[in-house]
Amino acid sequence: MPELPEVETIRRHLEAVLPGRRVTAVELRLPKLLRAEPGRALSDLVGQVVLAVGRRAKLLLLDFSGDQSLVIHLKLTGQICHQTVSGERRCGGHPVPAFDAPLPHKSTHLTVTFDDGGTLLLTDIRQFGQLRLVSSGAVPALLADENYGPDAFDPALTPGMLAAQLRRRANARLKPVLLDQTVIAGLGNIYVDEALYSARLHPLRTPASLSADETACLLDGIRDALDHGLRQGGFTIVNGRARPLDGYPRVHGLAGAPCPRCGTPVVKTTVGGRGTYLCPRCQPTPA
DNA sequence: AACTACTCCTGGAGGC
DNA sequence: TGCCTCCAGGAGTAGT
């Protein structure tokens, strides 16, 4: 499930290879994924040059010459691969199909070809992903409409800022609040579970109940989870089951496994309709 | 304000 | 082996 680290990982790959490249062909095989501004078509990208590869929250932002921007949301199962003419491939996002599987896959919905023979492929098994084609000048307004909170990866985010954001939903349950992109942008189900575990906070705690120290621990936990995710190029979770690498993730997708801190079996429960993993000893249920 | 349920969709896993 | 059901979840929306 692509969250901030998965999107940031692929953004860094693309930033290294795409700027300066000219589009020679675009093929969209699943038209419903695209929402284009009136009068715009993906074919408008042909002949344009990639100017920049950005990210806001879980959105990947591709800026092209000719006042064109492609905004991509990978949702649950989106995957982006860049393949060079010699077949070298870098992938990010959902790990199904496998990153080394033959491409295009039957669920590869978008292929963009560049003047060096490289291709950018968007594959999405569940077809929830979204592509938006807008004028570059419209991107700030598009992002403003989303009303995103501070980026979870922003080093300038302080415990005080996080506390202020959390207070906007002071009496709601902590986990759904952290999943709310207008509170803090970029977290999804996996990283919220990991951050709460790290901070020893039960997902049913409320923001109002958090001490300043607990909020600071939560921010540390968010950063710790994101850092490990980035270092691994994203956590590999397939059908809710984790494949831990170097001990991460520590609880998400690991029901029954021993808590890395105390050995108590990790418990799976549901919070706000989301599968939720926690250590019942390290993260005591609120009264 | 907060919460639940439903929607989009496919494929992997488990039961029998 | 194979059919069936359940489940995964980002995010929007509708209803309580």
(request) Residue by residue through the range A:238-267, note down the ones that are in a strand (DSSP E or B), within 23 Å of the chain's Cα centre (by Cα) and surrounded by fewer than 17 Cβ atoms within 10 Å (Cβ to Cβ). (result) A:VAL238, A:ARG241, A:LEU245
(request) Return a yes/no flag: does the range A:47-61 have any residue that is touching a strand residue (DSSP E or B) at 6+ places or on another chain (Cβ under 7 Å) and within 16 Å of DNA strand B (Cβ to nearest atom). (result) yes
(request) Report yes if A:ASN171 is within 16 Å of DNA strand B (Cβ to nearest atom) and within 22 Å of the chain's Cα centre (by Cα), otherwise no. (result) no
(message) Can you find a residue that is in contact with a Lys or Arg (Cβ under 8 Å, 6 or more places away or on another chain), without any contact (Cβ under 8 Å) to a residue 40 or more places away in the chain and either closer than 16 Å to A:ILE190 by Cβ or in a strand (DSSP E or B) (or both) anywhere in the range A:214-236?
(response) no
(message) So the check is Cβ under 7 Å with 6+ separation or different chains; which pairs have a first residue in the range A:93-116 that's over 25 Å from A:ARG243 (Cα atoms) and a second one that's among the β-branched types (Val, Ile, Thr) and in a loop (DSSP other than H, G, I, E, B)?
(response) A:ASP116/A:VAL85
(request) Please work out which one of (1) free of Cβ contacts under 8 Å to residues at least 40 places away in the same chain; (2) surrounded by 13 or more Cβ atoms within 10 Å (Cβ to Cβ) is the condition A:ALA144 fails and give its number. (result) (2)
(request) Please work out if A:THR84 is farther than 23 Å from A:LEU143 by Cβ and more than 17 Å from the chain's Cα centre (by Cα). (result) yes
(request) For the range A:146-186, enumerate the residues that are more than 18 Å from A:GLU214 (Cα to Cα), within 15 Å of DNA strand C (Cβ to nearest atom) and part of a loop (DSSP other than H, G, I, E, B). (result) A:ASN147, A:TYR148, A:GLY149, A:PRO150, A:PHE153, A:ASP180, A:GLN181, A:THR182, A:GLY186
(request) Determine whether the range A:121-136 contains at least one residue that is in a helix (DSSP H, G or I) and either within 16 Å of DNA strand B (Cβ to nearest atom) or in contact (Cβ under 8 Å) with a residue 40 or more places away in the chain (or both). (result) yes
(request) Determine, yes or no, whether A:LEU121 is modelled with pLDDT of 95 or more, surrounded by 18 or more Cβ atoms within 10 Å (Cβ to Cβ) and over 30 Å from A:VAL26 (Cα atoms). (result) no
(request) Filter the range A:68-95 down to residues that are within 25 Å of A:ILE190 (Cα to Cα), crowded, with 18+ Cβ neighbours inside 10 Å and of a type in the set (A, V, I, L, M, F, W, C), then give me how many there are. (result) 6
(message) Looking only at the range A:62-76, filter to residues that are away from DNA strand C (no atom under 16 Å from the Cβ) and of a type in the set (A, V, I, L, M, F, W, C); which one of those is farthest from the chain's Cα centre (by Cα)?
(response) A:PHE64
(message) Just the residues that are surrounded by 13 or more Cβ atoms within 10 Å (Cβ to Cβ) and either more than 12 Å from A:ASP193 (Cα to Cα) or among the hydroxyl-bearing types (Ser, Thr, Tyr) (or both), please, taken from the range A:268-283.
(response) A:THR269, A:GLY272, A:THR276, A:TYR277, A:PRO280, A:ARG281, A:CYS282
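The values are calculated or read from the model by the stated rules, or taken from the named source; none is laboratory data. Small disclaimer: the values here were computed from a predicted structure and weren't measured. FYI the Cβ positions are ideal-geometry reconstructions off the backbone, even for glycines, and counts take in every protein chain you see.
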